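Take a look at the structure below.
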């Protein structure tokens with residue numbers, strides 16, 4: 001069972017992981033302590049592996065700092081569902097193998113709600129067994145997730161996941 | 001197929017990516033291309049090195065001559081952790097034989113890339129920094145990426161790109177004195193919103209008379225609209241300095257997803273109000289906003305043109321009581337030029353202080369972070385909560401002209417009303 005964390009529109013990288021809490025300023029080991037350290041201090045203490053982030057549009061806008069999605073990946077966020085993502089955040093999350101789904105679930109799921117996230121079937125299942133279908137990810141994204149990230153994909157296939165035969 | 005003079009049709013982005021792909025491509029196509037230039041700075045380089053070493057097991061990068069490494073985000077180092085990370089970065093740079101290395105004090109990475117002519121029209125340039133869109137000021141397709149994209153580009157010489165659709169922004173008329181490029185950028189942010197151009201390229205037309213400095217401001221700020229790239233085709237002095245390859249030329253049949261016109265004659269000084277860049281108001285209509293700190297600098301507005309504009313307003317005058325003014329030139333060269341022509345003397349005489357060329361407090365790490373309850377007017381590009389220090393501080397964004405006028409009065413002031 002996973003908890004839903006609901007966020008608003010335009011959640012920027014300075015909220016997800018402020019620049020001064022990046023591993024460069026602190027340490028690699030402390031990365032898990034700082035996601036939403038100022039915007040939502042209880043997040044890092046209470047988040048559990050497999051939890052789901054449900055947010056508004058333009059999630060991850062701002063910096064190219066990869067440690068923003070990496071901090072969410074490191075604490076075990078299963079997926080982020082938002083109507084839209086900022087392009088660098090989308091790319092970084094995809095490259096890390098952190099699933100992103102473009103949908104607005106804020107009317108369906110509340111903060112703190114308990115759900116099951118079924119990534120194999122692209123579904124979120126509520127405690128009352130209501131199934132919410134997530135939009136099917138692109139074949140490109142699926143290929144990267146399946147290998148656990150773009151670097152792992154490249155190591156295995158010797159190429160980027162682009163083109164018919166990829 | 002690359003390095004031929006084959007002409008491709010389409011927007012500037014489509015032409016540049018077609019050239020790189022060696023075949024005609026259109027918006028929404030997914031392609032793998034050679035990367036002409038890679039820029040990585042001190043903040044993400046440790047992670048890039050770690051991916052190269054520990055995951056890719058890449059002892060040598062693909063081509064050190066295509067790479068520049070610049071220390072600007074925490075420069076000089078403010079803590080033992082950052083100093084240690086910079087030691088590792090310097091060692092790796094030496095091991096890899098990267099000649100284009102610029103250490104503490106050289107300036108903000110994007111400014112150094114352009115000043116040193118490390119980017120050129122028609123190139124594809126990646127930077128581990130969202131404001132790599134600035135390379136569009138010389139007609140390059142510049143875009144920001146994270147550490148894994150950069151590690152793969154360094155290891156393989158390639159990257160994957162989705163060809164963006166393009167918004168065309170036509171600049172009409174001329175700006176009044178006291179109004180400058182940042183006001184155009186902020187008005188576009190107000191108009192389009194923080195995600196108004198997500199995944200799009202923005203192509204600027206009609207600004208053929210614009211200086212390179214103004215083009216850099218406009219192109220770097222397209223990131224704040226969510227854009228993947230912001231481009232000008234070099235013209236005038238910029239084209240003399242950055243010659244355009246034969247194959248790159250405007251295509252009258254290019255397809256733009258949207259066209260916007262900006263009436264420069266009607267433009268007034270703009271201010272972005274915390275906590276989001278797209279909350280934009282006319283400086284004159286802001287009411288009484290007292291400031292504690294004025295910061296002029298960054299890749300957005302820390303060039304000689306910007307410092308001169310501020311000096312022209314502050315000449316022979318003094319900062320308002322209780323206001324700190326921090327000047328951080330965007331590069332070492334700009335600092336020296338501003339000393340040579342008297343600009344720096346004027347700013348210092350007015351009561352300003354000067355920091356090491358680099359990013360300064362823009363990312364809230366050192367050299368001018370703000371405390372709880374403080375208000376900063378900054379010429380940087382972002383005003384998100386906590387960006388420059390305390391999450392209880394407030395960041396307003398403006399042009400250098402508005403910043404200088406504000407330093408004089410102590411409250412946010414329209415420079416055209418002085």
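Derivation of every value follows stated rules applied to the coordinates shown; laboratory data play no part. What you see is a predicted model, and the numbers here were worked out from it, not measured in a lab. Here the Cβ positions follow ideal geometry from the backbone for every residue, glycine too, while neighbour counts run over all protein chains shown.
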- Query: Which order results if B:281, B:318, A:128 are arranged by neighbouring Cβ count within 10 Å, fewest first?
  - Reply: A:128, B:318, B:281
- With a 10 Å Cβ neighbour count serving as the proxy for reagent exposure, in which order, fewest first, do B:95, B:216 appear? B:95, B:216
- Query: Rg(Cα) of segment B:1-138 divided by 2.2 N^0.38 Å?
  - Reply: 1.15
- Item | Spatial separation of Cα centroids for segment B:372-401 and segment B:49-91, in angstrom | 29 Å
- Note on the structure: Semi-axes of segment A:2-135 from the Cα gyration tensor (sqrt of 5 times each eigenvalue, largest first, whole Å) come to 24, 15, 13
- Degrees between helix B:304-314 axis and first principal axis of chain B (Cα, 0 to 90, nearest 10): 10 degrees
- How big is the shadow of the Cα convex hull of segment A:79-158, averaged over all directions, in nm²? 5.6 nm²
- Which one of B:259, B:402, B:55 has the biggest mean-square fluctuation once chain B is modelled by GNM with Cα springs under 10 Å? B:55
- So how many Å³ per residue does the convex hull of the Cα atoms of chain B work out to? 128 Å³
- Task: State, to one decimal in nm², a quarter of the convex hull surface area for the C-alpha atoms of segment B:1-72, i.e. the direction-averaged projected area.
- Result: 6.6 nm²
- Item | C-alpha center-to-center spacing [segment A:5-36, segment B:218-291] in angstrom | 29 Å
- Note on the structure: With 0.36 nm assigned to each residue of separation and the Cα-Cα distance removed, residue A:38 to residue A:104 gains 21.3 nm
- What's the FRET efficiency of residue A:131 with residue B:251 using the Cβ-Cβ distance as r and R₀ = 60 Å, to the nearest 0.05? 0.80
- Query: How big is the gap, in Å, between the Cα center of segment A:73-120 and the Cα center of segment B:106-163?
  - Reply: 28 Å
- Item | Backbone N within segment B:32-47 under 15 Å of label point (7 Å from residue B:63 Cα along the Cβ vector) | B:33-39
- Message: Along its three principal axes, how long is segment B:270-412 when you only count alpha carbons? Whole Å, largest extent first please.
- Response: 38, 28, 24
- Item | Sorted by Cβ density within 10 Å, fewest first, the residues B:74, B:67 | B:67, B:74
- For residue B:87 and residue A:45, FRET efficiency with R0 = 41 Å and r from the beta-carbon atoms, rounded to 0.05? 0.75
- Task: Round to the nearest 10 and give me the degree value, 0 to 90, for the angle of helix B:80-96's Cα axis relative to the longest principal axis of chain B.
- Result: 30 degrees
- Item | Distance cut-off 47 Å, percentage of C-alpha pairs in the protein assembly as shown lying past it | 9 percent
- Message: Output needed: percent of Cα pairs per 5 Å distance bin for segment B:171-265, bins running from 0 to the one holding the longest distance.
- Response: 3, 12, 23, 26, 20, 13, 4, 0
- Message: What is the angle, in °, between the Cα long axis of helix B:181-192 and the longest principal axis of the Cα atoms in chain B? Nearest 10 is fine, range 0 to 90.
- Response: 80 degrees
- Item | Whole-number D in µm²/s for segment B:70-160 (Stokes-Einstein; Kirkwood sum over Cα pairs; 4 °C, 1.567 mPa s) | 92 µm²/s
- Query: Running Debye on segment B:355-418 with equal point scatterers at the Cα sites and no solvent, what base-10 log of I(q)/I(0) appears at q = 0.17, 0.26 Å⁻¹?
  - Reply: -0.58, -1.10
